[in-house]
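The values are calculated or read from the model by the stated rules, or taken from the named source; none is laboratory data. Keep in mind that what you see is a predicted model, and the values were worked out from it rather than measured. When we count neighbours, we look across all protein chains shown, and the Cβ atoms used for this are built from the backbone with ideal geometry, even at glycine. The accessibility values were calculated without ligands, DNA or RNA, using every heavy atom of the protein model including side chains. Shrake-Rupley method; radii C 1.70, N 1.55, O 1.52, S 1.80 Å.
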Amino acid sequence: MALFDLPLDELRAYRSESVAPADFDTFWDKTLQEAREHELDARFEPVDTGLSTVEVYDVTFAGFGGHPVKGWLRLPAGATEPLPLVVEFLGYGGGRGLAHESLLWASTGRAHFLMDTRGQGSAWGGGGATADPVGAAPAYPGYMTRGIEAPENYYYRRVFTDAVRAVQAARSHPLTDAARTVALGASQGGGITLAVGALVPDLVAVAPDVPFLCDFPRAATLTDRHPYREIGLFLKTHRGRLSDALRTLSYFDGVHFAARGRVPALFSVALEDQTCPPSTVFAAFNAWAGDDKTIEVYDFNDHEGGGPFHEAAKVRWLRSYA
């Protein structure tokens with residue numbers, strides 16, 4: 001697929017027509033307050049991986065509803081002082097994988113916390129280990145319409161809350177420096193990063209790659225590629241539910257979180273990306289409230305974006321922050 005969205009000059013000026021609910025901030029304040037009623041109970045169990053340069057801990061903490069959420073904490077071997085912390089969130093369908101994977105950030109001398117995504121981890125990679133014990137009304141297979149009948153029930157309310165708690169859990173380890181914490185992730189992980197960037201305002205930087213979960217009204221009608229297509233297929237059966245669905249999704253739109261994010265941010269976008277169309281990514285980037293923001297544009301790439309080239313760009317960029 002060649003270029004299918006707006007021309008680049010129009011993308012740079014594009015603004016979403018999505019409107020944040022009047023009680024957006026109240027909704028999230030209440031959600032996080034309810035989460036704080038549960039002890040974080042972060043536990044770090046060392047894992048024998050056979051690696052000599054990285055130490056790995058199997059982590060469990062209490063996320064939304066006090067539900068156990070898994071993660072990996074990776075540290076450079078022999079660390080004795082608190083390290084800059086990178087908290088990473090995963091793409092759609094993937095899980096935290098195996099203990100010896102994802103060694104980039106620990107190899108840069110930083111602590112690296114990778115959060116498992118509840119209910120996912122069976123579509124690619126080394127698998128997940130976190131259940132989602134909450135049921136839902138009828139939904140299209142996948143995660144995009146689970147609980148879409150009301151924002152209180154929506155799947156990503158649980159995931160975004162887990163993500164905020166993941167930052168807290170990672171920061172609770174004595175070898176992580178809470179004052180030098182970065183959040184990042186690609187695709188779904190980028191969308192989660194946008195939410196965390198707004199809900200955890202004392203991060204030092206965020207780096208959302210080709211972020212998903214942005215500008216729902218446009219995304220759901222512009223691309224027929226999954227996961228956004230799940231919304232259309234749900235509405236194809238549940239006729240007349242569009243306004244209700246969009247109302248729920250408005251509480252989880254990365255554009256509205258971006259409008260509340262002020263820390264330095266490095267975005268990426270791919271102009272042939274049919275999974276996360278470029279206009280939806282620019283919608284979040286253009287809404288980001290902080291002045292220190294950059295977007296890397298990959299002209300002829302689909303959802304892989306910059307791949308290893310963008311990994312290198314993130315490593316260079318983060319030197320200024322953590």
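Computed values, structure above
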| read-out | value |
| --- | --- |
| Hull volume in cubic angstrom per residue (convex hull over the Cα atoms of the chain) | 122 |
| Residues of region 39-109: accessible area per residue with a 1.4 Å probe, Å² | 42 |
| Per principal axis, descending, Cα span of region 95-181 in whole Å | 46, 28, 17 |
| Karplus-derived HN-Hα couplings along region 37-49 (A = 6.51, B = -1.76, C = 1.60, θ = phi - 60°), whole Hz, x at Gly and Pro | 6, 9, 4, 5, 6, 6, 10, 10, 10, x, 10, 7, 9 |
| Distance histogram for region 245-322 (every C-alpha pair counted, 10 angstrom bins, percent rounded to whole numbers) | 18, 43, 34, 5, 0 |
| Under 22 Å from the Cα of residue 293 - lysines, other chains or at least 8 residues apart | 314 |
| Mean Cβ count within 10 Å, highest first, over the residues of peptides 263-270, 200-207 | 263-270, 200-207 |
| Alpha-carbon Rg/Rh ratio, for region 165-228, with Rh computed the Kirkwood way | 1.10 |
| Phi-based couplings in Hz for region 114-123 (Karplus 6.51, -1.76, 1.60; Gly and Pro marked x) | 10, 8, 5, 9, 3, x, 9, x, 10, 9 |
| C-alpha long axis of helix 307-318 to longest principal axis of the chain, angle in ° | 60 |
| Region 188-322 - convex hull of the alpha-carbon atoms, volume per residue in Å³ | 89 |
| Alpha-carbon spread of region 14-131, three principal axes, descending order, Å | 52, 37, 30 |
| Accessible area of the chain belonging to carbon and sulfur atoms, whole % at 1.4 Å probe | 51 |
| Residue 247 versus residue 103: modelled label distance in nm, points set 7 Å from Cα along the beta carbon direction | 5.2 |
| Region 1-108: GluC sites (Glu not before Pro) falling in loop per DSSP and having at most 16 other Cβ within 10 Å | 17, 37, 39, 101 |
| Eligible lysines near residue 30 by straight Cα distance, threshold 27 Å, same-chain separation 8 or greater | 70 |
| Residues of type aspartates and glutamates that residue 236 reaches as a straight line, Cα spacing below 19 Å, ignoring anything fewer than 8 places off in the same chain | 149, 224, 244 |
| Inter-site label distance for residue 177 and residue 12 at 7 Å from Cα along Cβ, in nm | 3.5 |
| Cα Rg over Rh - region 135-247, Kirkwood | 1.04 |
| For region 162-205: accessible area per residue (Å², 1.4 Å) | 22 |
| Degrees separating the helix 24-36 axis from the principal Cα axis of the chain, which is the longest one | 30 |
| Estimated inter-spin distance, residue 26 and residue 304, nm [label 7 Å along Cα→Cβ] | 4.8 |
| Other-chain or far-sequence residues with amide H under 5 Å of residue 205's (modelled H) | 183 |
| Net charge of Cβ neighbours under 15 Å - reference residue 308; Lys, Arg +1; Asp, Glu -1 | -2 |
